[in-house]
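Notes to accompany the following structure.
The values are calculated or read from the model by the stated rules, or taken from the named source; none is laboratory data. Since this is a predicted model, take the numbers as computed values, not measurements. Here the Cβ is made from the backbone with ideal geometry for all residues, glycine too, and neighbour counts use every protein chain on show.
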Amino acid sequence: MHQDKEEQIFIKRIKELGTTAYYKEILTYTDFLNLNEISIFHSIKKDLPKIPYESYGGYEGAERQILFFKGISTDIDYKDYISCIHIKPVSKRFSDELSHRDFLGSILGLGLDRSTIGDILVKDGEAYCFCLSSISDFIIDNLFMVKHTNVLCSLADIDTDTFRPNFEEIQGTITSNRLDAIIAVALKTSRSKITSLISSGRVFINGREITSNSYVVKDDDIISIRGHGKFIYKGQDGITRKGRLRVLLLKYS
């Protein structure tokens, strides 16, 4: 019930932004949205005024994205709205092993709301944190420690390939695009072991909880499996001699 109320508030806010952009002919935008919120937007966009919109999270393939309603016909300079902060240990020699959770926890510990923070990409003990440009200086001026490690923060250039996520390719064969069959390929296990995973509410497609084994997965759907990672279903890549479909998935690594 609580979640339904939150969704109603979110939908009301989206409709307000779309209507304002349309009638006032201005650019309006959200904070960073998660996959579920983006999915809700797509389910209600037919009820919004017919204006162009864009979504972006600071780099290609970002999970958390800002939604822009273009009440004016002009290009958006994303640097005005999204910044990226490079967070690195003062001394790698004395650094803890830092995870995504460590970086996120320390940033939110500054009193910031989760919606002001986009993706955080962690590589070699350093992090690149996407955030609203309006709070970038605050983070740089106030974040000095992650876990027990002293850190330095600076603005990063978002116009590079540094932020492309790494993927592991997973290939397999299936008889149909059923969710249970595709997850069996992703996790390299049998379909019979997938049933409880799906029915227990641990599987999400594009941020929406899916509890049906027979759900048909579409190309480029993002499959998140709690405790097992996140995958992009890239679709079919041929047929075997026995008539099975060859498929490719990309696992975020």
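Would you mind finding the one in Ile87, Ile40, Ile66, Ile82 that is β-branched (Val, Ile, Thr), surrounded by 15 or more Cβ atoms within 10 Å (Cβ to Cβ) and farther than 26 Å from Cys153 by Cβ?
Numbers: Ile87 fails: farther than 26 Å from Cys153 by Cβ; Ile66 fails: farther than 26 Å from Cys153 by Cβ; Ile82 fails: farther than 26 Å from Cys153 by Cβ.
Just a single option satisfies the conditions, and that option is Ile40.
Might you let me know whether segment 135-147 holds any residue that is at pLDDT below 95 and buried (at least 18 other Cβ atoms within 10 Å of the Cβ)?
no
Quick one: which of Ile158, Ile198, Ile232 is surrounded by 11 or more Cβ atoms within 10 Å (Cβ to Cβ), part of a strand (DSSP E or B) and either among the hydrophobic types (A, V, I, L, M, F, W, C) or touching a strand residue (DSSP E or B) at 6+ places or on another chain (Cβ under 9 Å) (or both)?
Working: Ile158 fails: part of a strand (DSSP E or B); Ile198 fails: part of a strand (DSSP E or B).
Of the residues listed, the single one that is surrounded by 11 or more Cβ atoms within 10 Å (Cβ to Cβ), part of a strand (DSSP E or B) and either among the hydrophobic types (A, V, I, L, M, F, W, C) or touching a strand residue (DSSP E or B) at 6+ places or on another chain (Cβ under 9 Å) (or both) is Ile232.
Against the condition in contact (Cβ under 8 Å) with a residue 60 or more places away in the chain, of a type in the set (Gly, Ala, Ser), assigned by TED's automatic domain parsing to the domain that holds Glu16 and at positive phi, how does Gly57 come out, does it pass? Outline the logic, then answer.
Numbers: in contact (Cβ under 8 Å) with a residue 60 or more places away in the chain: yes; of a type in the set (Gly, Ala, Ser): yes; assigned by TED's automatic domain parsing to the domain that holds Glu16: yes; at positive phi: no.
Judged against the criteria, Gly57 is not a match.
Out of segment 221-248, which residues are hydrophobic (A, V, I, L, M, F, W, C), in contact with a Ser or Thr (Cβ under 9 Å, 6 or more places away or on another chain) and closer than 26 Å to His42 by Cβ?
Phe231, Val247
Cβ-Cβ distance below 8 Å, separation of 6 or more or different chains: which pairs start in segment 156-174 with a residue that is closer than 30 Å to Arg241 by Cα and end on one that is aromatic (Phe, Trp, Tyr) and modelled with pLDDT of 75 or more?
Correct list of pairs: Phe167/Tyr252; Ile170/Phe231.
Need a quick list: strands (runs of 3 or more DSSP E) entirely within segment 106-155 having at least 3 residues that are among the aliphatic types (A, V, I, L, M) and within 24 Å of Ser91 (Cβ to Cβ). Spell out the reasoning first.
Values: elements: 117-123, 126-132, 149-155.
Hits in segment 106-155: 117-123, 149-155.
Residues are listed down the side, and each one gets a yes or a no for (1) among the small types (Gly, Ala, Ser); (2) at pLDDT 90 or above; (3) part of a loop (DSSP other than H, G, I, E, B); (4) touching a Cys at 6+ places or on another chain (Cβ under 9 Å):
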position: Gln171; (1), (2), (3), (4): no, yes, no, no
position: Ala181; (1), (2), (3), (4): yes, yes, no, no
position: Ala186; (1), (2), (3), (4): yes, yes, no, no
position: Thr189; (1), (2), (3), (4): no, yes, yes, no
position: Ile223; (1), (2), (3), (4): no, yes, no, no
position: Gln236; (1), (2), (3), (4): no, yes, no, no
position: Leu248; (1), (2), (3), (4): no, yes, no, no
position: Lys251; (1), (2), (3), (4): no, yes, no, no
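Sort through Val146, Val203, Val185 and tell me the only one that's among the hydrophobic types (A, V, I, L, M, F, W, C), under 25 Å from Leu108 (Cβ atoms) and within 23 Å of the chain's Cα centre (by Cα).
Numbers: Val203 fails: under 25 Å from Leu108 (Cβ atoms); Val185 fails: under 25 Å from Leu108 (Cβ atoms).
Going through Val146, Val203, Val185 in turn, the sole match is Val146.
Going residue by residue through segment 41-63, is there one that turns out to be of a type in the set (Asp, Glu) and at pLDDT below 90?
Yes; the residues of segment 41-63 include at least one that is of a type in the set (Asp, Glu) and at pLDDT below 90.
What number goes with the only condition from (1) over 24 Å from Ser134 (Cα atoms); (2) modelled with pLDDT of 95 or more that Thr28 does not pass?
The single condition Thr28 does not satisfy is (1).
Of the conditions (1) more than 18 Å from Pro165 (Cα to Cα); (2) assigned to a helix (DSSP H, G or I), Phe103 clears all except one; give me its number.
(1)
Just one of (1) closer than 26 Å to Leu250 by Cβ; (2) hydrophobic (A, V, I, L, M, F, W, C); (3) touching a residue at least 40 places away in the same chain (Cβ under 8 Å) trips up Phe41, so point out which.
With respect to (1) closer than 26 Å to Leu250 by Cβ; (2) hydrophobic (A, V, I, L, M, F, W, C); (3) touching a residue at least 40 places away in the same chain (Cβ under 8 Å), Phe41 is out only on (3).
May I ask you to verify whether Thr211 is in a loop (DSSP other than H, G, I, E, B) and not small (Gly, Ala, Ser)? Reasoning before the result, please.
Values: in a loop (DSSP other than H, G, I, E, B): yes; not small (Gly, Ala, Ser): yes.
When the stated conditions are applied, Thr211 passes them.
From the set of residues in segment 1-37 that are among the polar types (S, T, N, Q) and surrounded by fewer than 18 Cβ atoms within 10 Å (Cβ to Cβ), which is farthest from Thr74 (Cα to Cα)?
We begin by selecting, within segment 1-37, every residue among the polar types (S, T, N, Q); these are 3, 8, 19-20, 28, 30, 34, 36.
Now narrow it down to the ones that are surrounded by fewer than 18 Cβ atoms within 10 Å (Cβ to Cβ): 3, 8, 19-20, 34, 36.
Numbers: Gln3: 36, Gln8: 31, Thr19: 18, Thr20: 17, Asn34: 26, Asn36: 28 Å.
The extreme case among them is Gln3.
Select from segment 81-108 the residues that are acidic (Asp, Glu) and either in the same structural domain as Leu27 (by TED's automatic domain parsing) or modelled with pLDDT of 95 or more (or both) and list them in ascending order. First the steps, then the outcome.
Looking only at segment 81-108, we keep the residues that are acidic (Asp, Glu), and these are 96-97, 102.
Once the filter is applied, which keeps residues that are acidic (Asp, Glu) and either in the same structural domain as Leu27 (by TED's automatic domain parsing) or modelled with pLDDT of 95 or more (or both), segment 81-108 yields only Asp102.
Restricting to segment 181-195, name every residue that is within 16 Å of Leu249 (Cα to Cα), without any contact (Cβ under 8 Å) to a residue 40 or more places away in the chain and either buried (at least 17 other Cβ atoms within 10 Å of the Cβ) or not basic (Lys, Arg) (or both).
Filtering segment 181-195 down to residues within 16 Å of Leu249 (Cα to Cα) leaves 181-189.
Still in the list and also without any contact (Cβ under 8 Å) to a residue 40 or more places away in the chain: 181, 184, 188-189.
Result: Ala181, Ala184, Thr189.
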